[in-house]
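Undergrad: Would you mind keeping the following structure in view while I ask a few things?
The values are calculated or read from the model by the stated rules, or taken from the named source; none is laboratory data. These numbers were taken from a predicted model, which means no experiment stands behind them. Cβ sites come from the backbone with ideal geometry, for glycine too, and all protein chains shown count toward neighbours.
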Amino acid sequence: MSVVAKNLIWGVKRRTIVSDVSLMVAPGETVGLIGPNGSGKSSLLRLLAGLKRPMSGQVEINGQDIAQVPRKALSRQVAFVQQSVATDTNVTVADVVRLGRTPHRSALAGWSEGDEAAVAHALDRVDMASRRKQAWQTLSGGERQRVHIARALAQTPQVMFLDEPTNHLDIHHQIEILRMVRDLDLTSVVALHDLNLAAMFCNRIVVLEAGAVRACGTPEEVLTQKTLREVFRVTAQIVGMPGADHPHIRFSPE
Amino acid sequence: MAYDTSEGGAARLVLFLCLSLIVLIFAVAAATAIGDYNIPLRTVFLSVTNEVGLTSAGIAPIEQSVVWNLRLSRALVAALAGAGLAICGAILQALLRNTLAEPFVLGVSAGASTGAVCVIVLGIGAGGLSLSLGAFGGAFAAFALVALLSNGATSGPNHTILAGVAASQLFNALTSYIVTTSGNAQQARDVMFWLLGSFGGVRWPDFQLLLGVVIACLAICIWMARSLDAFTFGDEDAAALGVPVARIRLVLFAVTALLTATIVSMVGAIGFVGLVVPHAARYLVGPLHMRLLPASAMIGAVFMVIADITSRLIATQQTVPIGVVTALVGVPFFAIILYRARPQT
Ligand SMILES: Nc1ncnc2c1ncn2[C@@H]1O[C@H](COP(=O)(O)OP(=O)(O)OP(=O)(O)O)[C@@H](O)[C@H]1O
Ligand SMILES: [Mg+2]
């Protein structure tokens, strides 16, 4: 499914946080969203997922204006992994992943084999199958993150928005999760801070700066010394890697 | 301890509900037998079967009348009030994601009291119906105030509790103001009834009304139980899982206001039940609302009937306010739950 944003504007009071963002994500594409803290990545993802209403502009998923789609129907197709979540409730890992089936179940329907299969498969994908019964509260930061990704997978979405999904993850799982997102047959937009991971796993990269799209294109086009200096205020060298089709960034201490 | 909620859990719930139903029946029987004047259980049983038309045993009419007209209706209203308050607590704790949330803490009970007092003292309207309407109006006013103070859904859960504290202060002050400026001694005494809570004076029509309200509200809540589960990680997360957050909140807040107002207009503002019972239920059947709500209702019912019995036993000549007893019985119980539910480190 394609995701198209047209002239999205959103803000609070006098401050514009997302200013006139348009972007187009083709079906099956993995798009990276990068930008400094506070540049509006999370806000943009919320707008794309329909969790916030834009002040103007619209989002179309599969050609349909999401403002016209009922919340439940939208959630059967679109999953959203938040930057951080917390709860005081004493739930198990399995309970949390089961929540991913919410949009697929009617109010009183029982738990079906299909539901169970989706949950088991999702837990398997993030290496958490053996922890089904563990209390969510007792998980480590990275394990929580993986459980939330599993929950999004259990939603069996066609579009996935992930807000810094590699937070807290060890390097093996950072690569595993991003590889999985790329290889799954779904359209995804991923906010990332690690530019090398973005270069490695994204088909295209969007650079946000102060709520506006600064650059958009393939990793080679976008990750230039000039952009890195101006947007991220770092000095870096872009090195081509033999045998790899993506650029590698080497940061300098200066 | 966290619960696995797979299929085994459903059998566990059924077992739990059956057991608690048996306990409830015994508690109601005890509540009917015990009083200023104790009536043997056998007489209680026969009086009930006589009234229902199953038997025609020779029972002293006075005893039969006490059992049927005074004590049984009172015990059953107590059970329903306990169930209703426990449901309200479970709902509010889920929606606001705060373990302290309940109608009493959020000022809804205080609002309902103010509404009821307006009707009694200022004489707006007359009769039982307008009293309930007054309580209902007050409960809604309190909810509206809390929503306004806590700035709708955008603020954190703690903010709502603070707004609730402010609202209950305001409404309690309003109640006191109305009573002291325009009430006479008799009215002041009547009003104490709402402020402290008592099951004296409830009769069958109260039971019928409350039964209807509790069943309807419980049905709506069960219908929305799945959505309530989705609030585990907050409103925005619930929306991401396909829950129409604004609509669910509106309906469920209205349900809690209706339940609280109905209960307050009959038996006064009773605290603590809505707070402590859902915790006990969560401990016993886990956090999923499809199980938590019926379990809370049953525990709440048993708890309130026992509290009512206790209120009659601790002081024979006087009626101890039921709110005093719920706190006295509830606090040690709550301490045990807190202790056992502490995170394993
Ligand atoms: N509801 C809100 N009210 C006020 N300001 C907000 C609100 N939501 C976001 N902001 C502001 O908008 C800006 C963008 O926030 P956003 O969370 O989208 O940034 P981000 O790019 O995801 O940052 P990070 O890399 O730190 O996650 C921030 O400066 C934030 O303070
Ligand atoms: Mg962010």
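Undergrad: Scan the range A:150-169 and give yes if some residue there is in a helix (DSSP H, G or I), free of Cβ contacts under 8 Å to residues at least 24 places away in the same chain and away from ligand 2 (no atom under 16 Å from the Cβ), otherwise no.
TA: Within the range A:150-169 (the criterion being in a helix (DSSP H, G or I), free of Cβ contacts under 8 Å to residues at least 24 places away in the same chain and away from ligand 2 (no atom under 16 Å from the Cβ)), the answer is no, since none of the residues qualifies.
Undergrad: Restricting to the range B:251-296, give me the number of residues that are away from chain A (no Cβ under 14 Å) and either of a type in the set (A, V, I, L, M, F, W, C) or within 21 Å of B:T160 (Cβ to Cβ) (or both).
TA: Within the range B:251-296, the first condition is being away from chain A (no Cβ under 14 Å), and the residues that meet it are B:253-277, B:295-296.
Of the ones still in play, those that are also either of a type in the set (A, V, I, L, M, F, W, C) or within 21 Å of B:T160 (Cβ to Cβ) (or both) are B:253-261, B:263-264, B:266-267, B:269-277, B:295-296.
Of the residues in that region, 24 qualify.
Undergrad: Same structure, new question: Read through the list (1) within 14 Å of chain B (Cβ to nearest Cβ); (2) buried (at least 19 other Cβ atoms within 10 Å of the Cβ), then give the number of the only condition that A:T187 fails.
TA: (1)
Undergrad: Which condition does A:K72 not pass, out of (1) within 16 Å of B:E236 (Cβ to Cβ); (2) under 19 Å from the mean Cα position of the chain (by Cα), if it passes all the others?
TA: (2)
Undergrad: Something else: Confirm whether A:R144 is surrounded by fewer than 24 Cβ atoms within 10 Å (Cβ to Cβ), within 8 Å of chain B (Cβ to nearest Cβ) and touching a helix residue (DSSP H, G or I) at 6+ places or on another chain (Cβ under 8 Å). Before you say what the answer is, go through the steps one by one.
TA: Numbers: surrounded by fewer than 24 Cβ atoms within 10 Å (Cβ to Cβ): yes; within 8 Å of chain B (Cβ to nearest Cβ): no; touching a helix residue (DSSP H, G or I) at 6+ places or on another chain (Cβ under 8 Å): yes.
In short, no.
Undergrad: Let me ask something else. Look at the range B:24-48 and say how many of its residues are surrounded by fewer than 14 Cβ atoms within 10 Å (Cβ to Cβ) and not hydrophobic (A, V, I, L, M, F, W, C).
TA: Summing the residues that are surrounded by fewer than 14 Cβ atoms within 10 Å (Cβ to Cβ) and not hydrophobic (A, V, I, L, M, F, W, C) in the range B:24-48 gives 5.
Undergrad: Pick out, from the range A:175-254, the strands (runs of 3 or more DSSP E) lying fully within it that include 2 or more residues that are in contact (Cβ under 8 Å) with a residue 40 or more places away in the chain. Can you show your working first?
TA: Numbers: elements: A:187-191, A:204-209, A:212-217, A:236-240, A:247-251.
Here the list reads A:187-191, A:204-209, A:212-217, A:247-251.
Undergrad: Next question. Regarding B:R189, is this residue among the charged types (D, E, K, R), away from every other protein chain (no Cβ under 11 Å), surrounded by fewer than 15 Cβ atoms within 10 Å (Cβ to Cβ) and outside any loop (DSSP other than H, G, I, E, B)?
TA: On the way: among the charged types (D, E, K, R): yes; away from every other protein chain (no Cβ under 11 Å): yes; surrounded by fewer than 15 Cβ atoms within 10 Å (Cβ to Cβ): yes; outside any loop (DSSP other than H, G, I, E, B): yes.
Spelling it out, B:R189 is indeed among the charged types (D, E, K, R), away from every other protein chain (no Cβ under 11 Å), surrounded by fewer than 15 Cβ atoms within 10 Å (Cβ to Cβ) and outside any loop (DSSP other than H, G, I, E, B).
Undergrad: Also, quick follow-up: Any residue at all in the range A:118-132 that's within 16 Å of ligand 2 (Cβ to nearest atom), among the small types (G, A, S), surrounded by fewer than 23 Cβ atoms within 10 Å (Cβ to Cβ) and farther than 22 Å from A:L33 by Cα?
TA: No, the conditions are met nowhere in the range A:118-132.
Undergrad: Okay, moving on. Residue by residue through the range A:235-254, note down the ones that are within 12 Å of A:L195 (Cα to Cα) and either touching a strand residue (DSSP E or B) at 6+ places or on another chain (Cβ under 8 Å) or charged (D, E, K, R) (or both).
TA: Passing the criteria: A:A236, A:I238, A:P247, A:H248, A:I249, A:R250, A:F251.
Undergrad: List pairs: first residue in the range B:56-78 and touching a residue at least 60 places away in the same chain (Cβ under 8 Å) and more than 10 Å from B:V44 (Cβ to Cβ), second residue of a type in the set (K, R) and surrounded by fewer than 21 Cβ atoms within 10 Å (Cβ to Cβ) anywhere in the structure, Cβ distance under 9 angstrom, at least six positions apart or on different chains.
TA: B:N69/B:R203; B:S73/B:R203; B:R74/B:R203; B:V77/B:R203
Undergrad: Related question: Only one of B:L293, B:L275, B:L313 is farther than 21 Å from A:Q134 by Cα and in contact with an Asp or Glu (Cβ under 6 Å, 6 or more places away or on another chain); which?
TA: The conditions single out B:L275.
Undergrad: Take the range A:41-57 and flag every residue that is under 15 Å from B:D235 (Cα atoms) and either free of Cβ contacts under 8 Å to residues at least 12 places away in the same chain or near ligand 1 (Cβ under 9 Å from one of its atoms) (or both).
TA: A:R46, A:K52
Undergrad: Mind checking which residues of the range A:98-131 are away from every other protein chain (no Cβ under 11 Å) and not small (G, A, S)? Give the steps one after another, and end with the answer.
TA: The initial filter retains those residues of the range A:98-131 that are away from every other protein chain (no Cβ under 11 Å), namely A:112-115, A:117-118, A:120-131.
Listed by number, the residues that qualify are A:E113, A:D115, A:H121, A:L123, A:D124, A:R125, A:V126, A:D127, A:M128, A:R131.
Undergrad: In addition: Can B:G84 be described as part of a helix (DSSP H, G or I), in contact with a Pro (Cβ under 6 Å, 6 or more places away or on another chain) and surrounded by 14 or more Cβ atoms within 10 Å (Cβ to Cβ)?
TA: So B:G84 does not fit the description; no.
Undergrad: Right, another one. Across the range A:4-35, which residue is farthest from ligand 1 (Cβ to nearest atom) among those that are exposed (fewer than 15 other Cβ atoms within 10 Å of the Cβ) and not aliphatic (A, V, I, L, M)?
TA: My answer is A:P27.
Undergrad: How many of the residues in the range B:37-55 are touching a residue at least 24 places away in the same chain (Cβ under 8 Å) and part of a loop (DSSP other than H, G, I, E, B)?
TA: Qualifying residue count for the region: 2.
Undergrad: Still on this model: Kindly check whether there is at least one residue in the range B:12-20 that is within 14 Å of chain A (Cβ to nearest Cβ), in contact (Cβ under 8 Å) with a residue 60 or more places away in the chain and not in a helix (DSSP H, G or I).
TA: Among the residues of the range B:12-20, not one is within 14 Å of chain A (Cβ to nearest Cβ), in contact (Cβ under 8 Å) with a residue 60 or more places away in the chain and not in a helix (DSSP H, G or I), which makes the answer no.
Undergrad: How about the range B:237-341: which helices (runs of 4 or more DSSP H) wholly inside it have at least 3 residues that are at pLDDT 90 or above?
TA: Fully inside the range B:237-341 and qualifying: B:245-267, B:273-285, B:289-314.
Undergrad: Of the residues A:V85, A:V78, A:V93, which single one is surrounded by 16 or more Cβ atoms within 10 Å (Cβ to Cβ), of a type in the set (A, V, I, L, M) and either under 20 Å from A:L186 (Cβ atoms) or without any contact (Cβ under 8 Å) to a residue 40 or more places away in the chain (or both)?
TA: On the way: A:V85 fails: either under 20 Å from A:L186 (Cβ atoms) or without any contact (Cβ under 8 Å) to a residue 40 or more places away in the chain (or both); A:V93 fails: either under 20 Å from A:L186 (Cβ atoms) or without any contact (Cβ under 8 Å) to a residue 40 or more places away in the chain (or both).
Residue meeting the stated conditions: A:V78.
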